[in-house]
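Presented below is the structure to which this report refers.
The values are calculated or read from the model by the stated rules, or taken from the named source; none is laboratory data. What you see is a predicted model; the values in this text were computed from it and never measured. A quick note on method: Cβ atoms are made from the backbone with ideal geometry, for glycine too, and the neighbour counts reach across all protein chains shown.
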Amino acid sequence: QIGVDKAKQHGISLVSIANSSHCGALGVYLYPALDAKMISMIFTNGPAVMPAVGGNSPILSTSPIACAIPSNPPMIIDLSTSAVARGKIASAAKAGGSIPQGWAVDEKGEAITDAKQALMGMLAPLGGAKGFALGLMVESLSAGLSGGALSRAVPDMFNPDDDKKAQGISHTVITINPASIGKDSKDGFDGLAASITASGGRVPGSKRVSPNNLGSGEITLADAVISDLNSWSQKLGLENI
């Protein structure tokens with residue numbers, strides 16, 4: 001919201017945050033800008049899990065990127081620059097499942113398909129060297145810019161020995177007010193979204209539900225996830241789900 005307020009005044013803003021922690025899905029934080037008909041870009045680092053191409057130790061986090069364009073429907077990009085978000089591997093590990101080849105590797109660069117082993121291993125960059133380059137940009141724009149902890153120094157919340165340590169993660173939020181350009185960019189944004197739909201494609205983010213409009217729909221959870229949530233409910237004095 002700080003970024004939105006400053007972009008209203010100056011046309012563009014950059015908010016740098018240090019000494020933070022894991023913030024969940026980045027896409028959730030795009031909506032203040034979308035509600036104000038602005039563009040938002042968010043970058044964050046985290047525990048190191050992604051090696052350089054040819055490297056044998058993790059250098060970067062999953063280095064996620066989120067971006068929202070105020071078209072109709074909104075175009076929302078929310079992705080990790082590793083081959084997969086680590087949360088998907090964590091879900092597979094809780095369910096006792098396996099993961100596809102190409103998601104995770106060991107220190108020798110060999111594929112890992114056991115989800116629990118992969119959670120403690122390394123994640124392959126999305127698209128090889130291109131994914132690592134994008135991740136390097138994210139690391140530079142978050143931890144590098146803020147002066148916060150680089151990913152190699154961030155405690156890993158999936159490691160029982162580290163999960164009680166302060167992480168010191170960094171985030172960067174860039175907000176752009178299209179109205180400040182002086183042109184009706186809305187037509188361009190809408191036209192781009194319409195061209196995707198006309199081609200038979202799906203506009204990224206078109207199936208998302210804004211946090212402001214959450215309904216009473218249902219989601220399917222693995223038994224292990226439900227058990228874990230109920231365990232926390234008991235610790236916090238809440239009802240089981």
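Scanning segment 123-155 for residues that are farther than 22 Å from ASP78 by Cβ and either surrounded by 23 or more Cβ atoms within 10 Å (Cβ to Cβ) or at pLDDT below 90 (or both) yields one hit, PRO155.
Scanning segment 37-53 for residues that are under 18 Å from ASN177 (Cα atoms) and part of a loop (DSSP other than H, G, I, E, B) gives LYS37, MET38. Here is the figure for segment 31-51: residues that are hydrophobic (A, V, I, L, M, F, W, C) and either in contact with a Gly (Cβ under 9 Å, 6 or more places away or on another chain) or on the phi > 0 side of the Ramachandran plot (or both) total 5. When residues of segment 10-30 are filtered for being surrounded by fewer than 14 Cβ atoms within 10 Å (Cβ to Cβ) and at pLDDT 95 or above, how many remain? The number of residues fulfilling the criteria is 1. Looking for something in contact (Cβ under 8 Å) with a residue 12 or more places away in the chain and in a helix (DSSP H, G or I) - is there at least one such residue anywhere in segment 101-115? Yes; the residues of segment 101-115 include at least one that is in contact (Cβ under 8 Å) with a residue 12 or more places away in the chain and in a helix (DSSP H, G or I). When segment 80-111 is filtered for residues that are in contact with a strand residue (DSSP E or B) (Cβ under 7 Å, 6 or more places away or on another chain), modelled with pLDDT of 85 or more and surrounded by fewer than 19 Cβ atoms within 10 Å (Cβ to Cβ), the ones remaining, listed by number, are SER98, GLN101, GLY102, ALA111. Hey, among the residues in segment 185-221 that are charged (D, E, K, R), modelled with pLDDT under 85 and within 16 Å of LEU34 (Cα to Cα), which one's farthest from the chain's Cα centre (by Cα)? So the residue we want is LYS207. All of (1) over 17 Å from MET41 (Cβ atoms); (2) at pLDDT below 95; (3) in contact with a helix residue (DSSP H, G or I) (Cβ under 7 Å, 6 or more places away or on another chain) hold for ALA166 with one exception: (3). For the criterion of being closer than 25 Å to ALA153 by Cα, buried (at least 21 other Cβ atoms within 10 Å of the Cβ) and not hydroxyl-bearing (Ser, Thr, Tyr), ASN56 fails.
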